[in-house]
Amino acid sequence: MTAADHATAYAEVADALTDYFDGLYFSDTKRLTRIFHQQAIYACATEGELLRLTMDEYFPIVDKRPRRRPGRRCALIASCRSSSPVR
């Protein structure tokens, strides 16, 4: 892969992450639908127990959040690595 190919791939990922960050910040599941695969799983263990939700279970939770949040959205891509595509 050439340096130009890497730059193009990074720009595509950065564009997708903009929809992801905006979708979460503005509680916009239409944007999130463009990012997440229909079979994606939301999983976290914030409170010590595994929470595992399908997107059909997760999006209604996001829809109930306030659409606007106080302050300015600030997101940073700290690292971006690519791997081979999933087939």
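The values are calculated or read from the model by the stated rules, or taken from the named source; none is laboratory data. No experiment lies behind these values; they were computed from the predicted model shown. Please note: Cβ atoms are built from the backbone with ideal geometry, for glycine as well, and neighbour counts cover all protein chains shown.
Tell me yes or no: at least one residue of region 29-39 is touching a residue at least 24 places away in the same chain (Cβ under 8 Å), farther than 30 Å from A3 by Cβ and assigned to a loop (DSSP other than H, G, I, E, B). Scanning region 29-39 turns up no residue that is touching a residue at least 24 places away in the same chain (Cβ under 8 Å), farther than 30 Å from A3 by Cβ and assigned to a loop (DSSP other than H, G, I, E, B). Here the condition is being at pLDDT 95 or above and either more than 30 Å from A7 (Cβ to Cβ) or out of contact with any Ser or Thr (no Cβ under 6 Å at 6 or more places or on another chain) (or both); of T46, T54, it holds for T54 alone. Of all residues in region 33-87, exactly one satisfies the criterion of being touching a Gly at 6+ places or on another chain (Cβ under 9 Å) and of a type in the set (S, T, Y), namely T33.
Per the listing A9, A43, A16, the residue uniquely in a helix (DSSP H, G or I) and either surrounded by fewer than 13 Cβ atoms within 10 Å (Cβ to Cβ) or among the charged types (D, E, K, R) (or both) is A16. Does region 61-76 hold any residues that are at pLDDT 85 or above and surrounded by 11 or more Cβ atoms within 10 Å (Cβ to Cβ), and which are they? Answer for region 61-76, where residues must be at pLDDT 85 or above and surrounded by 11 or more Cβ atoms within 10 Å (Cβ to Cβ): I61, V62, D63, R65. Check region 28-41 and report whether any residue there is at pLDDT 85 or above and in contact with a strand residue (DSSP E or B) (Cβ under 7 Å, 6 or more places away or on another chain). Among the residues of region 28-41, at least one is at pLDDT 85 or above and in contact with a strand residue (DSSP E or B) (Cβ under 7 Å, 6 or more places away or on another chain), which makes the answer yes.
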